[in-house]
1. Read through the list (1) under 21 Å from ASP144 (Cα atoms); (2) at pLDDT 90 or above, then give the number of the only condition that VAL54 fails.
2. What's the total number of residues in the range 115-155 that are in a strand (DSSP E or B) and not acidic (Asp, Glu)?
3. For the subset of the range 143-171 comprising residues that are farther than 25 Å from GLN130 by Cβ and at pLDDT 80 or above, which member is surrounded by the most Cβ atoms within 10 Å (Cβ to Cβ)?
4. Closer than 21 Å to ASN28 by Cα and modelled with pLDDT under 90 - does that describe any residue in the range 82-90?
Amino acid sequence: MRNVRPHPNAPIPDGGYAGEDMPRSRLNLLLSYAGFSDDSWVDRLPLLLEPLGVHSLRAANCVEATRVIQHFPVHIAVVDLGLPMEQWSPDKADVAEAGPRILELLRRLDAPPPIVVVKPARSHRDDARQIAAALRAGVYAVVDRPHGQGDLELMLGVLQRCLRRFYHNRWPGASNC
């Protein structure tokens, strides 16, 4: 699998479409989220990053994340390990988690992006297992699922350090001048 240029009519998970009216961004951020709360960090983060040239490609399940990975260049990926395989609904209480599958898809890209893993709250044993698996997959950082303002600031700091480490404080594809 490889990163390809977006097809002009490729859907973006939030309902918009790629093409001429897609904002010109300097960095594409895959932003997956398995939480089910209103006004979450995943709603606030794009509003903070968009003015800086970061285009958030949101995915609420494995199908949407796979579509983003196949149709857009991803420069940094935030992968929620609790991401469901399909659209979540209250009647599907036991939904399979797709986070590890998304990590594998990203790892198989010709130019895998740096990955920040978001882990849901679990038992200490499950936490240790998730962190070990994520680190074996080569992720840059593992963070708890953000809930409050402090957690949002933590996520912004992690993304800033990720940009500094992998892109040397330059936007991907920026000239060296």
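1. Among (1) under 21 Å from ASP144 (Cα atoms); (2) at pLDDT 90 or above, the lone unmet condition for VAL54 is (1).
2. Initially, the range 115-155 is screened for residues in a strand (DSSP E or B), giving 115-119, 141-144.
Still in the list and also not acidic (Asp, Glu): 115-119, 141-143.
Within the range 115-155, residues that are in a strand (DSSP E or B) and not acidic (Asp, Glu) number 8.
3. Filtering the range 143-171 for residues that are farther than 25 Å from GLN130 by Cβ and at pLDDT 80 or above, the one surrounded by the most Cβ atoms within 10 Å (Cβ to Cβ) comes out as TYR167.
4. Just the residues of the range 82-90 that are closer than 21 Å to ASN28 by Cα, to begin with: 83.
Next cut, modelled with pLDDT under 90 only: 83.
Yes: the range 82-90 contains one or more residues that are closer than 21 Å to ASN28 by Cα and modelled with pLDDT under 90.
The values are calculated or read from the model by the stated rules, or taken from the named source; none is laboratory data. Nothing here was measured: the structure is a model prediction, and the numbers come from that model. A quick note on method: Cβ atoms are made from the backbone with ideal geometry, for glycine too, and the neighbour counts reach across all protein chains shown.
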